[in-house]
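The values are calculated or read from the model by the stated rules, or taken from the named source; none is laboratory data. A quick note: this is a predicted structure, and the numbers were derived from the prediction, not measured. For neighbour counting, all protein chains shown are included, and Cβ atoms are generated from backbone atoms with ideal geometry for every residue, glycine included. The area values use the complete protein model at the heavy-atom level, side chains included, leaving out ligands, DNA and RNA. Shrake-Rupley method; radii C 1.70, N 1.55, O 1.52, S 1.80 Å.
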Amino acid sequence: MSDESQIVVPPSFVALYLAPGRTRPSAPRAEIAARHEFCEDLATLLTDTAATRLWELGVTPADVLERVHRGLLGGAAGVSAAEAQWVIRRLAELLQWPAPDMDAGPTRAAP
């Protein structure tokens, strides 16, 4: 059994590679799997940083997520805007924080 067959890419991540009205992703499975692994690792690595910022700054989880999101969009993280949104949602999930509403402009927790 190959390592590739063991990688499970969630539909929420595959959706980043689907053009509106299309059912076939715009990138090969291996590329999507590699990008997912990178983004998952990034979200996992950011958990300690985000939790520390919450405590140090005394702000809300939504404020921390917004700051991290802005950092991801800066370009140095090596993720697209869509991947940055996915990372922030995954980060919130890992920290058991309210899910951010990414469609409302700045990152804010959904009610």
(Q) At a threshold of 8 angstrom on Cα-Cα distance, excluding pairs fewer than six apart, so keeping six or more, what relative contact order does the chain reach in percent? (A) 23 percent
Q: Considering the options 82, 19, 45, tell which one lies farthest towards the positive end of the dipole of the chain, charges being +1 on Lys and Arg and -1 on Asp and Glu at the Cβ, about the Cα centre.
A: 19
Q. Can you give the Rg to Rh ratio for region 20-70, taking only C-alpha atoms and Rh from Kirkwood?
A. 1.19
Q) If you put +1 on each Lys and Arg Cβ and -1 on each Asp and Glu Cβ, how big is the dipole of the chain around its Cα centre, in Debye rounded to 20? A) 340 debye
Q) So who's got an amide H within less than 5 Å of the one on residue 101, skipping anything under 5 residues away but keeping other chains? H placed 1.01 Å off N, in plane. A) 108, 109, 110
(Q) Please compute the per residue accessible area over the chain with all protein chains in place, 1.4 Å probe, rounded to a whole number of Å². (A) 62 Å²
Q. Cα atoms only, the chain: Rg and Dmax in Å?
A. 14.8, 48
Q) Round to a whole number: what % of the accessible area of the chain belongs to carbon and sulfur, probe 1.4 Å? A) 56 percent
